[in-house]
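First up is the structure itself, then whatever we jot down about it.
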Amino acid sequence: MKKEIIISGFGGQGVMSIGKNLVEAGMEEKFFVTWAPSYGPEMRGGTANCHVGISSDPIGAPMFTHPTELIAMNAPSIEKFGYKVRSGGSVFINSSVVKEQFLREDVSVYYVPCEDIAAELGNLKVANMVMLGAYIGATKALQVETVEKMIHEMFTGPKAKLIPLNLAALQRGLDAVQ
């Protein structure tokens, strides 16, 4: 298996968190992994993306031009990276923000209303966990149980109260692509 994923959106949408969760779960499952973050000049509200590599073989470079998958949390992400996804790849679109259809017939496209689902759960900050669940559900790149374990490890101490909400968001994302 070899996944080269670009995760992109505005700062504050949890783009880096999606990437870090994928990398940590990949390490837990004994894959080779890379994570290369990139931030725009602003933090919250600026552009942010990361390149994530997950592979059963050693990874030669942490950055790539033509990903196997794109996770786009906003429209500028589609404009910048959408046509770079390899033929046969997958594009995951936050349809709560991106209203236009992505017109490519050579890739699988998943429209996930991340922020709508997060609002139903009572906290817009878990929109990224909805998208993470959708990605895991559609690609089967990693085991759901491993990602759940990473969520438990991420939220400790006073933040442990956020575990049920994040697990619910992950599940809603899985359900969105079934």
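The values are calculated or read from the model by the stated rules, or taken from the named source; none is laboratory data. This structure is a prediction, so every number in the text was calculated from the model and none was measured. Ideal geometry is used to build each Cβ from the backbone, glycine not excepted, and the neighbour counts take in all protein chains shown.
Quick notes
- Unique residue being within 28 Å of Ser55 (Cβ to Cβ), surrounded by 16 or more Cβ atoms within 10 Å (Cβ to Cβ), among the aliphatic types (A, V, I, L, M) and out of contact with any Leu (no Cβ under 8 Å at 6 or more places or on another chain) when the list is Leu170, Leu174, Leu132: Leu174
- Test: residue in the range 45-52 that is modelled with pLDDT under 95, out of contact with any Cys (no Cβ under 8 Å at 6 or more places or on another chain), aliphatic (A, V, I, L, M) and closer than 14 Å to Ser8 by Cβ: yes
- Considering the range 7-100, the qualifying strands (runs of 3 or more DSSP E), each wholly inside and each with 1 or more residues that are in contact (Cβ under 8 Å) with a residue 24 or more places away in the chain, small (Gly, Ala, Ser) and surrounded by 18 or more Cβ atoms within 10 Å (Cβ to Cβ), run over 47-55, 69-72, 90-94.
- Taken together, Glu145, Glu115, Glu105 contain a single residue that is acidic (Asp, Glu), over 22 Å from Gly11 (Cα atoms) and part of a helix (DSSP H, G or I), which is Glu145.
- Pairs meeting the criteria (first residue in the range 150-167 and modelled with pLDDT of 95 or more, second residue outside any helix (DSSP H, G or I) and surrounded by fewer than 16 Cβ atoms within 10 Å (Cβ to Cβ), beta carbons under 8 Å, at least 6 apart or on different chains) are Leu165/Gly122; Leu165/Asn123.
- Of all residues in the range 59-71, one or more are in contact with a strand residue (DSSP E or B) (Cβ under 7 Å, 6 or more places away or on another chain), over 24 Å from Gly133 (Cβ atoms) and either among the small types (Gly, Ala, Ser) or at pLDDT 95 or above (or both).
- Some residue of the range 102-119 being among the charged types (D, E, K, R) and either under 20 Å from Leu22 (Cα atoms) or crowded, with 19+ Cβ neighbours inside 10 Å (or both): yes
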